[in-house]
2 protein chains.
Amino acid sequence: MTVNKKIIFNDVTLRDGMHAIKHQYSKEQIAELTKVLNDAGVDIIEATHGDGLGGSSLQYGRSKETEETIITTAVQNAKNTKVGVLLIPGIGTIDHLKRAHNWGAQVVRVATHSTEADVSEQHIKAGLDLGMDTVGFLMMSHRVKPERLLEEAKKMESYGAQTIYVVDSAGAMVMDEIRARVSLFKENLSTKVGFHAHNNMSLGVANSIAAIEEGADRIDASLAGMGAGAGNASLEQLIAVMNKMGIESNVDLFKVMDAAEFVMKPMMPRPVQIDRLTLSLGYTGVYSSFLYFAERAGKEYDVDPRDILTRLAEMGAVGGQEDWIIGVAQEIAKEKKQTVGIN
Amino acid sequence: MTVNKKIIFNDVTLRDGMHAIKHQYSKEQIAELTKVLNDAGVDIIEATHGDGLGGSSLQYGRSKETEETIITTAVQNAKNTKVGVLLIPGIGTIDHLKRAHNWGAQVVRVATHSTEADVSEQHIKAGLDLGMDTVGFLMMSHRVKPERLLEEAKKMESYGAQTIYVVDSAGAMVMDEIRARVSLFKENLSTKVGFHAHNNMSLGVANSIAAIEEGADRIDASLAGMGAGAGNASLEQLIAVMNKMGIESNVDLFKVMDAAEFVMKPMMPRPVQIDRLTLSLGYTGVYSSFLYFAERAGKEYDVDPRDILTRLAEMGAVGGQEDWIIGVAQEIAKEKKQTVGIN
């Protein structure tokens, strides 16, 4: 397939990547990453707590720096690049958004679960009122059929969203599933369409290419794939593939390759990679930010984190039920004990 | 696309994976890996030096165990699974093949550069004479156009090869390039068709799926992607994706996930991953077994290994020119010195 437009890159190294560093980027690190991303030509740099505005909390993990420091540091160092923020209604508020806008954020992505777009109305309208580039972000898009997802996208479109994303939060979809959703959006929405990948089944780059071939306008990626769980599509790998295919963007391949290797990787507490656990996350389709909680609870209650994830998926867990995890771990531990007792 | 046949898996953990451990698997490790692969249901376990029969040498790196130990250990522990060997004419001979067959190997893959199939004639005929499952393996398939590759495959077919592989030795192809080659083979050959991926641009799994969708019968993969350079398609990731898509094989997902995590990973001297260097290998399209040589020469002569790889690609390097690398490193070092002198 020939792709004749320039793809816009929304970098998430400083937002989804926050998950992989437990929200502990320092001000200096934020400044350095923003500089290299700006210099490499990404179009938007999203910089917020991993769970968006207001995310720094006991429940979601406190960030090292304040929201103000994160955003203003990014804004100060993004000379040619817009800074964006993520806003999950219920975690972040319109007040948070107004402050972020005052600090210089120009893009807002209002994120809801794939069946709950109606909670985004006020926030999308607030973004538009502030004159921001306003995006709807449908998390866990694999949980519903394409037609159902389109219904939710239509709501976001009616609220005024200018771009609407298919979001593969758990890295749970294969190429055809991405194609089905993106092509349906392109045919039926007047908005721009975006795609956000996770790499749990090692399809982050391939799924992004599939989305682009179906007409996606904006793509998310991060240096070295820095992101929750198995990480996002790696910016440098995706640009390499796009260059090979002749698909244009504003991003310089060698600059992002160097930035990933020499700036990002030395900051990473552990490599973002696909392992038994993150592959299980993708395969079962639960939310990738559950990973650390499942690992922690698994250790505490001597339970296999895979069992926790599988149970969560059976229970229909989506984003935001981190508080279920302890209960599930306790339940499985209790079952194990009973089994041991019986034997 | 619907895939209605069962895919045959040729595991390369104990052959291409040899590169990633510098051919140093111990007898005990070979036994353990064979057992878990056999138990997980792979169809063929390839076990040889990374460069095939006769590969253990100063030039290609000596293996820890003898060829006899590698093959007999695999054969003894592969209760339900055939053991295969790789044979690169020029490195291995028909005598090597006869010995391997005596030790119990039942599959031979005769590998040549993508333009040199004619050197495979005697070896393919020898494999058939021995009653072996005999395969032609066209390395560096990205170096020639699909139609040209088909000409070489036709030669292998005329020698009697029962399966012919498209081999993406450097992880240098994108999905459409795989599709073009595999579909052309399927349309024009009476043989079975195979595909061997490398993951340099993170497309190992996606390219294997593309090959399967175009009708490939056999697919290579390895535990945790263990293989030269950025590694092969990861067996556990590929099976996860195939299960999601309803594509059948004899391989058990949870068994290979566990084997990758608990058996393979503890043996790995370093994680097989995509980094600046391996991504450069894929992007420039040089042979991934050059990696260690380029790193070593780069260190010795204070030259960026990427510069060595780029130069090798410009020179048209294919497999087997490891001896060029030192010369190239010296040349670049000399150029650097002159540049410094001029400035």
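The values are calculated or read from the model by the stated rules, or taken from the named source; none is laboratory data. Only a predicted model underlies this, so the values are computations on that prediction, with no experimental measurement involved. Quick reminder, even Gly has a Cβ in these numbers, built from the backbone with ideal geometry, and neighbours come from all protein chains shown. Areas reflect the complete protein model, heavy atoms only, side chains present, ligands, DNA and RNA absent. Shrake-Rupley method; radii C 1.70, N 1.55, O 1.52, S 1.80 Å.
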Original post:
Which distances, shortest first and in nm, link residue B:41 to the matching position in the other copies, using label points set 7 Å out along Cα to C-beta?
Top reply: 4.6
**OP:** Pop out the Kirkwood hydrodynamic radius of the protein assembly as shown from its pairwise C-alpha distances, inverse of mean 1/r, in Å to one decimal.
**Re:** 25.9
**OP:** Report the residue, chosen from B:300, B:116, B:157, that carries the largest GNM mean-square fluctuation when chain B is represented by alpha-carbon nodes joined by springs under 10 Å.
**Re:** B:300
Original post:
Using heavy-atom solvent-accessible surface (probe 1.4 Å) with all chains present, what is the largest-first order of A:1, A:268, A:140?
Top reply: A:1, A:268, A:140
**OP:** List the DSSP H helices in chain B whose Cα atoms stretch 27 Å or more along the helix axis and whose mean Kyte-Doolittle hydropathy is at least -0.5.
**Re:** B:322-342
Original post:
When each copy gets a label point 7 Å from Cα toward the beta-carbon at residue B:69, what are the spacings between them in nm, shortest first?
Top reply: 5.6
**OP:** Restricting things to alpha carbons, tell me how big the range B:125-202 is in terms of Rg and Dmax, in Å.
**Re:** 12.5, 39
Original post:
With every protein chain present, what is the per residue accessible area of chain A (1.4 Å probe, Å²)?
Top reply: 36
**OP:** Per residue, how big is the convex hull around the C-alpha atoms of the range A:172-303? Give it to me in cubic angstrom, could you?
**Re:** 113
**OP:** On the protein heavy atoms, probe 1.4 angstrom, tell me the percent of accessible surface of the range B:8-267 carried by carbon and sulfur.
**Re:** 45
Subject >> Whole-Å distance, taken between Cα centres, linking the range A:139-191 and the range B:179-233 >> reply: 30
**OP:** Heads up, I need the accessible area for residue B:9: 1.4 angstrom probe, whole protein in place, Å², nearest 10.
**Re:** 0
Original post:
For the rotation that superimposes chain A on chain B, which residue of A has the C-beta lying nearest to the axis, and at what distance in Å?
Top reply: A:206, 2
Original post:
Size of the dipole of the protein assembly as shown about the Cα centre, Lys and Arg at +1 and Asp and Glu at -1 on the beta carbon, nothing else charged, in debye to 20?
Top reply: 340
Subject >> Other protein chain Cβ atoms within 10 Å, averaged over every residue that makes up A:268-280 >> reply: 4
Original post:
How much solvent-accessible surface does residue A:245 expose, in Å² to the nearest 10, with a 1.4 Å probe and all protein chains in place?
Top reply: 50
**OP:** Excluding residues fewer than 8 places away in the same chain, name every one of the lysines whose C-alpha is closer than 21 Å to that of residue B:125.
**Re:** B:82, B:98, B:154, B:155, B:192
Subject >> Shortest-first nm distances, residue B:215 label point to equivalent points in other copies (7 Å, Cα→Cβ) >> reply: 3.1
Subject >> Distance from the range B:1-68 to the range A:3-47 (C-alpha centre basis), Å >> reply: 40
**OP:** Loop only per DSSP, at most 15 neighbouring Cβ atoms within 10 Å: give me the GluC sites (Glu not before Pro) in the range B:231-277, ordered by residue number.
**Re:** B:248
Subject >> Most to least accessible of B:72, A:2 (protein chains only, probe 1.4 Å) >> reply: A:2, B:72
Original post:
Under a 1.4 angstrom probe, counting protein chains only, how are A:284, A:163 ranked by accessible area, largest first?
Top reply: A:284, A:163
Subject >> Accessible area that becomes buried as A packs against B, both chains, 1.4 Å probe, Å², nearest 100 >> reply: 3000
Original post:
For the range A:111-117, what does the Karplus curve 6.51 cos²θ - 1.76 cosθ + 1.60, with θ = phi - 60°, yield as ³J(HN,Hα) per residue in whole Hz, taken in order and with x for Gly and Pro?
Top reply: 10, 9, 4, 4, 10, 10, 4
Original post:
At q = 0.11 Å⁻¹, what base-10 log of I(q)/I(0) does the Debye formula yield for chain A when every alpha carbon is treated as an equal point scatterer in vacuo?
Top reply: -0.65
Subject >> Dipole magnitude of the range A:289-342 about its Cα centre (Cβ charges: Lys, Arg +1; Asp, Glu -1), debye to nearest 20 >> reply: 120
